[in-house]
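Take a look at the structure set out below.
Bear in mind that the values in this text are calculations on the coordinates, not laboratory data. Just so it is clear, the model here is predicted, and its values are computed rather than measured. Methodologically, a virtual Cβ is constructed for each residue, glycine included, from the backbone with ideal geometry; neighbour enumeration extends over all protein chains shown.
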Amino acid sequence: MENSAKQKITEDLLPQKFGKQGKIWVAFLLILCIIGFIAYCRQLSKGLIVTSMRDYVSWGIYISNFVFFVAISLVGSLITAVLRLTNVEWSTPLTRIAEIISVAAITFAAIIIVVDMGRPDRFYNLFIHGRLQSPIIWDVIVITTYFFISILLLYFPLLPDLQILLRFKEKTGNGLNKLYKFLGSFWKNTPAQIKISNKAISILCITIIPIAFAIHTVTSWLFATTYRPGWDSTNFGAYFISGAFLVGAGGVVVAMYVFRKHYKLEKYITEDHFDKMGKVLVMLALLYLYFNINEFLVPAFKMKKSEKEHLIGLFTGEFAVVFWFAITTAMILPILILILKKGRKPFPAFIAGTLVVIGSWVKRYLIVTPTLLHPFLPMQDVPNEYRHYFPSWEEWAIAIGSLAGALLIITLFARIFPIIPIHETITETEEHEKA
Amino acid sequence: MNTNDKSRREFITAGLLASLAVAGCSTKNNPFEPDAIDSIKPSGKMVKLLSVDGKVIEVDEAFLKPVPNLPAVSNDAARVGISGKKFVMVIDLSRCKSLKKCQSACDHMHHIHPGENWIKVYPMQDSEHTAPYWQPTTCMHCDEPPCVKVCPVDATFKRKDGIVLIDSDRCIGCRFCMAACPYSTRVFNWEDPGLPKEIAEQPYSCETSMPQKKGTVGKCDFCPDMARKGELPHCVSACPNGTFFFGDLLEDSVTNGAETFRFSDLIKDKAGYQLMEDLGTKPSVYYLPPVNRNFPFENNEQKEDKKS
């Protein structure tokens, strides 16, 4: 491969300064984060009374947002680990996008769970009084593990790129150069280093799969280990994991489209990528649909007394509009769009991905809240506002702020580091030319 | 009747003995410390007092000091429970007419946040053609408590005497226990409970469940502080119809204050049952079915709802 071609790839993929659009976008996200933070300060001083959660609906959109973050974070392991281990080459340009989505999402999953706590000041109790029999402790353990593995999976493949970035001091500026030096100056691209790094990445790819399955299964167990109608289901682990892969893949398609368009990466994120990710999305949507049918049809066939009110509430009752909206936007419409060859072009695929992400967020809300409004014993001897739930402005602000925060991490990462691996792209192009 | 009286007396005596034993065991802050009295010098000023047996006595003023309440049980002792006891409750549904005296007594004695209740009185009707009845519910103090299973920090725990309590100084407010409890018995302090200063400043005791704290979970505690004194829980003594019976499974006796029964006989004769026993939670609260009722079922709440 000629040097000029290498040079071209490198220059195309170097992180770019924010333009006007980029600055507005960052400012917008920052404002959302600040509003969320203000709302959280109010919550800290007044207590969870500022939310609309009460004794019956004791978990609201904080927890559904948490489940959403955990779900979308699973994509890192799908794209990076599963596709890497199965030697799917076309996924290389997408690995870093997937991995940063994972890291951003899992970070905010951890933050939002602290936000939901009545006594965040006693968080340390989890470590000094933690009891291994509680699924919450399992969640703490696997989420922490997943966080660190994801960070490492982001970092190791970044090392050769950092070395490349160090060569462009004039372009990247002094501050970033110092950061690159701090993170990667020890990397000299020696064969020994490459060998260790490749081995480490392989090990991480293998270990992240069971951990990824564990985080989402354990998160589903927070619900499935209770007796409540709608949660008391052996289907829950698989149901959550399939949904998580779906929303993660949807998120990657959205990010692919945005990065490609904004950073002019058409040569690297090609239409072929959208075509392939589109097919993956169809498969995942069908899989999730399958688990949904399992989850709802079987209890609906029996209509046990305790389940009945809950199911009717979803199918035709107070949650019917939201329920069918979620099923349609998260699964049916994306399948219909992406099953067509034309639908897998970048723009329609982006629309389908957006639908998946929105529908999936709503779906998480439906998993958490309606169940809590259908307790075994009727709702009794409580003030009237305890019988309904609609999130307060503080809850919305915090939930939206956390989503904005995750997007901000992704945006800033793409500003600082190449969002498409430079080194890997070069080596893969070389291998292709040889072959 | 004689035997009933006797077993009640035994129950109370045992409770008193237990509380004295506990008082004797704790060494810190002991008001009966002999050294303390030796060091006091008589002031010469005498005060007349009425003794317990009705005699007027004179005591030097210097020796007077307020008798503190029985020393609070330490957190460790509160987590173990009262030894040799297994507390049970029996609720006779045929006697309840939803006066909710149990509820107001409980709310008052535990300073529960207004609007929330540890005891709820449900209008129940199991299916379309079955008879409606009132069902007061306390915490079931399950022997297989789902709430304790899920608590990540051991803030809610099961004691040897069967009582499930909450340590509000440890609770992190994750509310997993509320989701896990099938009886919807747990409430949360969504805001500062707004307690009077003298209560809010007390150190928290798992046995009195006071003071309730912002951001933590609360629930019916079976009043173990009363049991230590050999007294009945507030709901039991507040009910004018004698709906609630409280007692000890090992002694096999329960009482509502006026009547005392052998627990096993009562359950056998009246076909007692537990709430949602199919879940395997093994509640410590037993219900007697609403047969031969003392009152007809009248749901005024519903009527009011319809009017408004």
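Near B:CYS223, within a Cβ-to-Cβ distance under 9 Å, what is the net charge of the other residues, with Lys and Arg +1 and Asp and Glu -1?
Result for the neighbourhood of B:CYS223: -4.
How high is the FRET efficiency from A:ASN235 to A:CYS41, r the C-beta distance, R0 41 Å, rounded to 0.05?
Result of the calculation: an efficiency of 0.55.
State the answer as a single residue: which of A:GLY118, B:THR243, A:THR427 lies farthest towards the positive end of the charge dipole of the protein assembly as shown, with beta carbon charges of +1 for Lys and Arg and -1 for Asp and Glu, about the Cα centre.
A:THR427
Which is the longest part of chain A that has none of the GluC sites (Glu not before Pro) sitting in a DSSP loop with at most 13 other Cβ atoms within 10 Å?
Numbers: sites that count: A:GLU2, A:GLU266, A:GLU318.
Longest stretch, sites excluded: A:3-265.
Using only Cα positions of chain A, each an equal point scatterer, no hydration layer, compute I(q)/I(0) via Debye at q = 0.06, 0.10 Å⁻¹ and quote the log10 values to two decimals.
-0.27, -0.74
Which links in A:LYS267/A:LYS434; B:LYS86/B:LYS270; B:LYS86/B:LYS282; A:LYS345/A:LYS434; A:LYS308/B:LYS213; B:LYS97/B:LYS158 stretch past 25 Å when you go from one Cα to the other?
In this structure, A:LYS345/A:LYS434; A:LYS308/B:LYS213; B:LYS97/B:LYS158 lie more than 25 Å apart at Cα.
Can you give me the orientation-averaged projected area of the convex hull built on the Cα atoms of the stretch A:191-297, in nm²?
9.5
Which translational diffusion coefficient, to the nearest whole µm²/s, is obtained for the stretch A:1-94 from the Stokes-Einstein equation, given a Kirkwood hydrodynamic radius over C-alpha pairs, 20 °C and 1.002 mPa s?
This corresponds to a translational diffusion coefficient of 117 µm²/s.
Calculate the length of the line joining the C-alpha centroid of the stretch A:30-49 to that of the stretch A:259-309, in whole Å.
Cα centres, the stretch A:30-49 to the stretch A:259-309: 33 Å.
Would you be so kind as to identify which of A:GLY47, A:ASN189, B:PRO233 lies farthest towards the positive end of the dipole of the protein assembly as shown, taking Lys and Arg as +1 and Asp and Glu as -1 on Cβ and the Cα centre as origin?
A:ASN189
Can you list the equivalent-ellipsoid semi-axes of the stretch A:276-330, largest first and in whole Å, using the square root of 5 times each Cα gyration tensor eigenvalue?
Three semi-axes, in Å: 26, 14, 5.
Just to be sure I understand the model, the point goes 7 Å from the Cα along the line to the Cβ. What's the resulting A:PHE28 to A:ASN87 distance in nm?
The answer from the label model is 4.4 nm.
Against the longest principal axis of chain A, how steep is helix A:236-262, in degrees 0 to 90 to the nearest 10, with axes from Cα atoms?
40
Using unit Cβ charges (K, R positive; D, E negative) and no other charged atoms, how large, in debye to the nearest 20, is the dipole of the protein assembly as shown about its Cα centre?
It comes to approximately 2040 debye.
Using only the alpha-carbon atoms of the protein assembly as shown, report the extent along each of the three principal axes, biggest first, to the nearest angstrom.
Extents along the principal axes, in whole Å: 113, 73, 45.
Counting other Cβ atoms within 10 Å, which trypsin sites (Lys or Arg not before Pro) in the stretch A:1-110 have at most 11 and lie in a DSSP loop?
Within the stretch A:1-110, the qualifying trypsin sites (Lys or Arg not before Pro) (loop, at most 11 other Cβ atoms within 10 Å) are A:LYS17.
On a 0 to 90 degree scale, rounded to 10, what angle separates helix A:271-302 from the longest Cα axis of chain A?
Helix A:271-302 and the main axis of chain A meet at about 20 degrees.
If you line up the long axis of helix A:191-224 against the longest principal axis of chain A, both from Cα atoms, how many degrees apart are they, to the nearest 10?
Once rounded, the angle reads 10 degrees.
Could you give the C-alpha radius of gyration of the stretch B:75-288 expressed as a fraction of 2.2 N^0.38 Å, taking N as the number of residues it contains?
On the way: Rg = 16.5 Å, N = 214, 2.2 N^0.38 = 16.9 Å.
Normalised Cα radius of gyration, the stretch B:75-288: 0.98.
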